[in-house]
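> Once you've had a glance at the structure underneath, I'll fire off some questions.
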Amino acid sequence: DTAVSQTPKYLVTQMGNDKSIKCEQNLGHDTMYWYKQDSKKFLKIMFSYNNKELIINETVPNRFSPKSPDKAHLNLHINSLELGDSAVYFCASSRDRGTGYTFGSGTRLTVV
Amino acid sequence: AQRVTQPEKLLSVFKGAPVELKCNYSYSGSPELFWYVQYSRQRLQLLLRHISRESIKGFTADLNKGETSFHLKKPFAQEEDSAMYYCALSVDQGAQKLVFGQGTRLTINP
């Protein structure tokens, strides 16, 4: 039973398109996150939601919009995709401080 | 500012040799540190956290506040240890936010 699941695993799309990535966790965690891993493998936080409320919003273009319909889901919608958006996007969840994150398997987004 | 530095992007050692992956941090608060591992084509997994002082897969890491370091060590490397390793610092920003280092790709040669 997958704890944090993301769909799709791979996404290839053209510049200018709008796409969504979905994330679900069945761990009962209150907090969920989106991280971006760039081509140099550097991981950077984008957003964090706690119980459907936006807590962390790093400097991310407003083309990126997270949506949390309930505390088990955190989706990421991206408008007007650009070449530089190509990366692996990881969803994660956590219970509380000190316990670390549980990560999803990642979504590899390629914008052509 | 919170920062995690892993000075080695690549590290290559022979099987059976000791391994040390370096991690230094910068944080004005009380640090909570983690090591994550990403095996080829797999998701990031928590390897260990400093508060539990555990040894996982033979790896240990000690928090040294004086040197602001949290180096990961293993006395005898195994081929299955080849992976990408990330050091991470937990900072409190309303929620637990992990700040990651740049990662070190560890290759164990037979």
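The values are calculated or read from the model by the stated rules, or taken from the named source; none is laboratory data. Since we're looking at a predicted model, the values are computed, not measured. Cβ sites come from the backbone with ideal geometry, for glycine too, and all protein chains shown count toward neighbours. Keep in mind that these areas ignore ligands, DNA and RNA; they rest on the heavy atoms of the full protein, side chains included. Shrake-Rupley method; radii C 1.70, N 1.55, O 1.52, S 1.80 Å.
> How many residues does the stretch B:1-26 contain that are farther than 22 Å from residue A:89 by Cβ and either hydrophobic (A, V, I, L, M, F, W, C) or in a strand (DSSP E or B) (or both)?
Number of matching residues: 16.
> Which condition number in (1) more than 22 Å from residue A:43 (Cα to Cα); (2) away from every other protein chain (no Cβ under 14 Å); (3) in contact with a strand residue (DSSP E or B) (Cβ under 6 Å, 6 or more places away or on another chain) is the one that residue B:18 fails?
So residue B:18 meets the others, but not (3).
> What do you reckon, is residue B:30 farther than 22 Å from residue A:44 by Cβ, more than 14 Å from every other protein chain (Cβ to nearest Cβ) and of a type in the set (S, T, N, Q)?
No: the conditions fail for residue B:30.
> Still on this model: Say whether the condition of being modelled with pLDDT under 90 and more than 23 Å from residue A:96 (Cα to Cα) is met by at least one residue in the stretch B:41-49.
Yes, some residue in the stretch B:41-49 is modelled with pLDDT under 90 and more than 23 Å from residue A:96 (Cα to Cα).
> What strands (runs of 3 or more DSSP E) completely inside the stretch B:27-110 contain at least 1 residues that are touching a Lys or Arg at 6+ places or on another chain (Cβ under 7 Å), hydroxyl-bearing (Ser, Thr, Tyr) and open to solvent by less than 40 Å² (accessible area, probe 1.4 Å)?
Per the criteria, B:83-92, B:104-109.
> I need every pair where a residue in the stretch A:24-40 that is without any contact (Cβ under 8 Å) to a residue 24 or more places away in the chain and of a type outside the set (Lys, Arg) has its Cβ under 9 Å from the Cβ of a residue that is open to solvent by 20 Å² or more (accessible area, probe 1.4 Å) and not in a loop (DSSP other than H, G, I, E, B), sequence separation at least 6 or different chains.
Once the first residue is without any contact (Cβ under 8 Å) to a residue 24 or more places away in the chain and of a type outside the set (Lys, Arg) and sits in the stretch A:24-40, no partner that is open to solvent by 20 Å² or more (accessible area, probe 1.4 Å) and not in a loop (DSSP other than H, G, I, E, B) comes close enough.
> On the phi > 0 side of the Ramachandran plot and open to solvent by less than 60 Å² (accessible area, probe 1.4 Å): does that describe residue B:16?
The answer is yes for residue B:16.
> Could you say whether any residue in the stretch B:91-100 is β-branched (Val, Ile, Thr), over 29 Å from residue A:30 (Cα atoms) and either under 10 Å from the mean Cα position of the chain (by Cα) or within 11 Å of chain A (Cβ to nearest Cβ) (or both)?
Within the stretch B:91-100 (the criterion being β-branched (Val, Ile, Thr), over 29 Å from residue A:30 (Cα atoms) and either under 10 Å from the mean Cα position of the chain (by Cα) or within 11 Å of chain A (Cβ to nearest Cβ) (or both)), the answer is no, since none of the residues qualifies.
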